[in-house]
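Nothing in this text is a laboratory measurement; each read-out follows from the coordinates by a stated rule. Because the structure is a prediction, the values reported are computed rather than measured. Note: ideal-geometry Cβ built from the backbone for every residue, glycine included; neighbour counts use all protein chains shown.
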Amino acid sequence: MSIARQNRLNTYAAHGVLILYTLIALFPVFVIIINSFKTRRAIFREPLAMPNSETFSLIGYETVLNQGDFFLYFQNSMIVTVASLFFILLFGAMAAFALAEYRFKGNLMMGLYLALGIMIPIRIGTVAILELMVQTGLVNTLWALILVYTAQGLPLAVFILSEFMRQVSDDLKNAGRIDGLSEYRIFFRLVLPLVRPAMATVAVFNMIPIWNDLWFPLILAPAEEVKTLTLGSQVFIGQFVTDWNAVLSALSLAILPVMALYVIFSRQLIRGITSGAVK
Amino acid sequence: MANLALRSLTKSYGSTEVLHGISLDVSDGEFVVFVGPSGCGKSTTLRLIAGLEETTSGIIEIGDREVNNLEPKERDIAMVFQNYAIYPHMSVKKNIAFGLRSSKMPKADKEKRIQEVAGILDMTELLDRKPSQLSGGQRQRVAIGRAMVRDPAVFLFDEPLSNLDAQLRTQMRLEIKRLHQRVGSTIIFVTHDQVEAMTMADRIVIMKDGHIQQVGTPSEVYHKPANTFVARFIGAPSMNLLPASMSGEMICLTGGRQVEVTLKELPSGKDVLVGVRPDDLLPDDVNPVISGKVTVLEPLGPETLIYVETASGEIIAEADGRSPPRVGDTVNLGAGPEHLHVFDAKTGEALT
């Protein structure tokens with residue numbers, strides 16, 4: 001058997017495994033989407049069948065879109081996710097830069113302290129957080145969610161970004177200093193563009209859990225005008241009767257913005273812009 | 001353009017002192033090369049001049065102005081780094097223009113200046129490229145361009161040629177030397193390669209362990225090394241050092257032969273080292289200094305290096321490339337008394 005042939009077999013095997021995994025991973029999404037286009041009866045009779053002329057129905061989407069608040073939920077989720085990501089990336093990168101760039105007493109301890117949050121789930125502190133939010137009057141505002149998600153995302157962001165920032169060449173930063181850049185400009189104009197792939201990674205890691213979270217919206221911001229999409233979809237799930245058409249349609253719609261954000265970030269992920277900076 | 005002065009410069013990291021009082025005057029337009037083995041403090045000195053590190057004590061003057069407490073950007077210097085340190089996300093043009101960012105020059109003048117610099121460095125066609133599309137030599141030219149565009153008082157080069165391959169290094173060496181002749185600015189150049197130092201410098205500063213060993217023109221440090229370290233460091237292959245002892249006015253080499261050299265001062269003890277460069281040590285049956293058995297031949301074309309096992313250990317000598325001795329032959333080697341350097345065996349200081 002020739003080596004080339006063997007390699008080809010290996011390639012096929014690898015792709016086979018990957019395709020299988022993709023199918024398994026995408027299957028639930030697929031089921032949600034096809035069923036969102038079917039009548040209620042068809043969903044229960046043949047959950048895995050494609051919608052056909054008989055079973056096709058947009059009733060779920062109609063219910064969702066006619067319920068006027070849905071766009072508001074959408075908007076709330078979007079605001080919370082984007083604002084949280086913005087703050088996570090901004091503060092995370094700044095802290096990471098300080099840890100990576102400057103020698104000061106307690107640098108290592110500070111790094112460990114900031115990384116500790118990775119191991120301790122923030123939900124343990126829910127009661128304290130709720131008390132804090134009540135005292136500061138932030139309950140039922142989007143800010144409550146943004147602050148909590150920022151706190152939740154920072155440890156991992158600092159951890160990942162500081163590792164990447166250490167790899168940015170010192171000479172490059174010194175060249176900036178000699179060219180008359182302030183430390184802020186060095187951070188924003190030299191270092192940040194170079195760690196963009198790492199920033200995208202952090203953004204993707206944080207985006208999905210924030211978008212999908214049900215816990216904190218339910219506890220900190222359950223009011224109608226600040227409900228997020230995930231929480232809003234729960235209105236269709238009743239104790240006795242669940243409007244499956246509406247739930248599936250709402251979930252299908254909820255996938256779209258996350259996908260859009262993911263595409264934006266993943267393009268940055270792939271771009272290897274640091275190549276050629278230093279040999 | 002300006003002169004530069006270092007006055008008893010020291011630098012400590014914690015309790016470790018790495019520079020022990022460096023003093024040096026560099027006049028306007030001079031090309032000074034700092035050379036030494038790694039860890040000798042040459043790069044640290046450069047970083048102190050640039051203002052990237054704080055001096056522990058001592059004074060740095062650029063153009064008769066004390067700059068100790070000035071930020072790097074206020075010192076009117078430009079630096080070229082070993083790793084090029086060009087901004088990878090900007091085009092060549094933007095990289096060069098970056099040096100002018102803070103200047104108050106009108107836009108048209110800036111543009112003219114950029115074109116001028118690009119012209120000098122022969123990279124007008126590369127201006128729109130990104131650094132990743134350039135070769136190593138081109139990237140280093142961009143870095144030099146970024147430094148040049150500001151017309152600084154002092155240029156600092158931190159081992160800029162170390163990352164280039166041998167051929168390119170020779171070429172860039174020549175380019176930097178030409179550039180210096182053309183622009184005429186003061187240049188401080190750090191390298192660990194003594195060939196670079198010899199070929200480019202007006203004056204060479206040889207450093208070791210945070211001390212200056214010798215400052216002088218390439219010819220001075222080659223022909224009149226101040227101590228055994230300089231004698232061994234400068235010149236390739238390095239100088240042979242033969243143990244010897246004084247008996248009255250004469251110097252007795254191990255193995256018995258005596259040589260007569262006029263000493264400027266007497267050694268502290270009886271023991272001395274006699275230094276002779278391989279290219280001064282030739283086969284000589286009439287008036288030999290030392291003899292031994294040939295162990296290895298290294299033909300270089302015009303001449304052949306011969307490794308000779310003698311009573312004083314292995315030494316390197318030179319023979320004619322056309323009729324070299326053979327391995328195993330016993331050769332007598334001689335050198336003119338003017339080519340012998342005598343060092344104090346204890347202190348390593350030159351006595352001739």
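Structural remarks
- Sorted ascending by nearby beta carbons within 10 Å, beginning with the fewest, B:Ser57, A:Ser84 become B:Ser57, A:Ser84.
- Remark: A:Trp211, A:Trp244, A:Trp143 ranked as A:Trp143, A:Trp244, A:Trp211, counting other beta-carbon atoms within 10 Å and listing the fewest first.
- Taking one quarter of the surface of the convex hull spanned by the alpha-carbon atoms of the stretch A:1-147 gives a direction-averaged projected area of 18.6 nm².
- Efficiency of FRET between A:Phe104 and A:Arg8 - r from beta-carbon atoms, R0 56 angstrom, step 0.05: 0.50
- Here the dipole of the stretch B:4-229 is about 760 debye; that uses its Cα centre as origin and unit charges on the Cβ of Lys and Arg (positive) and Asp and Glu (negative).
- Positive contributions from Lys and Arg (+1) and negative ones from Asp and Glu (-1), summed over other residues with Cβ under 15 Å from the Cβ of B:Ala311, come out at 0.
- At least 30 Å along the helix axis (C-alpha) and Kyte average at least 1.0, DSSP helices within chain A: A:3-36, A:70-101, A:142-166, A:244-270
- Rounded to the nearest 20, the size of the Cβ-charge dipole of the stretch A:65-270 about its Cα centre is 600 debye, with Lys and Arg at +1 and Asp and Glu at -1.
- Segment A:Gln67..A:His15, full-extension length gain: 14.3 nm, with 0.36 nm per residue of separation and the alpha-carbon distance subtracted.
- Residue among A:Thr242, B:Met90, B:Gly184 farthest towards the positive dipole end of the protein assembly as shown, charges placed on Cβ: A:Thr242
- Since only B:Ile316, B:Leu134, A:Leu142 are under comparison, the one whose Cα sits farthest along the positive direction of the charge dipole of the protein assembly as shown, derived from C-beta charges on Lys, Arg, Asp and Glu, is A:Leu142.
- Counted residue by residue at 0.36 nm each, then reduced by the alpha carbon distance between them, the extension gain from B:Arg7 to B:Glu116 reaches 35.6 nm.
- Label sites at B:Thr262 and A:Leu23, each approximated as a point 7 angstrom past Cα along Cα to Cβ, lie 9.8 nm apart.
- Within the shell defined by Cβ-Cβ distances under 13 Å, the residues around B:Glu260 carry a net charge of -1, with Lys and Arg each +1 and Asp and Glu each -1.
- Computed about its Cα centre, the charge dipole of the stretch A:1-57 is approximately 40 debye, with only Lys, Arg, Asp and Glu carrying charge at their Cβ.
- Among the GluC sites (Glu not before Pro) in the stretch B:250-352, those located in a DSSP loop and surrounded by at most 12 other Cβ atoms within 10 Å of their own Cβ are B:Glu260, B:Glu265.
- The protein assembly as shown, helix-only ellipticity at 222 nm - DSSP H runs n ≥ 4, -39,500 (n - 2.57), divided by all residues, nearest 500: -13500 deg cm²/dmol
- Length gained on full extension, A:Phe56 to A:Thr136: 23.8 nm, using 0.36 nm per residue less the C-alpha separation.
- Highest mobility in the GNM of chain A, judged by mean-square fluctuation with C-alpha springs under 10 Å and restricted to A:Ala93, A:Ala14, A:Ala49, is found for A:Ala14.
- With the gyration tensor restricted to C-alpha atoms of chain B, the semi-axes of the equivalent ellipsoid amount to 46, 25, 15 Å, longest first.
- Principal semi-axes in Å for the stretch A:1-57 [√(5λ), Cα gyration tensor, largest first]: 39, 10, 7
- Under 13 Å, Cβ to Cβ, from A:Arg189 - net charge with Lys/Arg +1 and Asp/Glu -1: +4
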